[in-house]
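Written below as structure tokens is the structure these notes are about.
Every number here is computed from the coordinates shown, using simple stated rules; none is lab data. Since the structure is predicted, the reported quantities are computational estimates derived from the model, not experimental observations. Glycine gets a Cβ as well: all are built from the backbone with ideal geometry, and neighbour counts include every protein chain shown.
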Amino acid sequence: MKFKGIALVASVLVLGACGGGETTAEAPAAAPAAAPAATPAGGAMASGTAMPITGKMIEIRMVGDAKGYRYEPAIVSAQVGDGLKFLMESGGPHNVAFEASMIPAGSAAQLDANFGTDKIGTMSSGLKMAPGESITISLGGLPAGVYEFNCTPHLAMNMKGTLTITP
Ligand SMILES: [Cu+2]
């Protein structure tokens, strides 16, 4: 008795699903099929693949006090593959931003990718307010040359730096 009852209910449910669900059944089926397309979409950023840090880490403090707003040090030498760690110390918010006209030709896409996802714009990092927060940028895959950078909130206060990358 019990089994028959369950079997009947199950049959009705299956029938119901088949009958009424034909049109809606296709829509959910299409969604999973579209999901794998997200992988090629990520690969479409061909020029923007972040390169890892393979060398040394160079720390630059971001400071704002009675003496003014500045990076310490503001003159930095690095090799391709090194990393820069900008450490928020005082007087924030600070960030690190590069402009395409003040870096070597052809370096912008790689540098932008090396910022990762913590950005407020192209080659412009997120703002750091709390002491101890930091911004890490890989110099992997970048052409050698001179890269000027600045702090967006304190550009007018001359918070700028110069990075020279050697091969
Ligand atoms: Cu600043």
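Quick notes on this structure:
- Label zone of Ala74 (point 7 Å out along Cα→Cβ, amide N under 19 Å): in segment 138-166 this covers 146-165.
- Projected onto planes of every orientation and averaged, the convex hull of the alpha-carbon atoms in segment 57-166 covers 5.9 nm².
- Calculated from backbone phi, Karplus (6.51, -1.76, 1.60) coupling profile of segment 129-145 in Hz, x at Gly/Pro: 10, 8, x, x, 5, 8, 10, 10, 10, 7, 9, x, x, 8, x, 5, x
- Normalised by the number of residues in segment 57-166, the average gap of Cα pairs under 8 Å and 6 or more apart makes the relative contact order 36 percent.
- Of the residues His94, His154, the one with the fewest other Cβ atoms within 10 Å heads the list, and the complete ranking is His154, His94.
- Label-to-label distance for Ala130 and Thr117 is 1.9 nm, based on points extended 7 Å past Cα in the beta-carbon direction.
- Under 19 Å from the Ser101 label point (7 Å along Cα→beta-carbon), backbone N, segment 124-167: 124, 146-163
- Each Cα pair under 8 Å and six or more residues apart adds its sequence gap; the mean of these over the residue count of segment 67-125 is a relative contact order of 30 percent.
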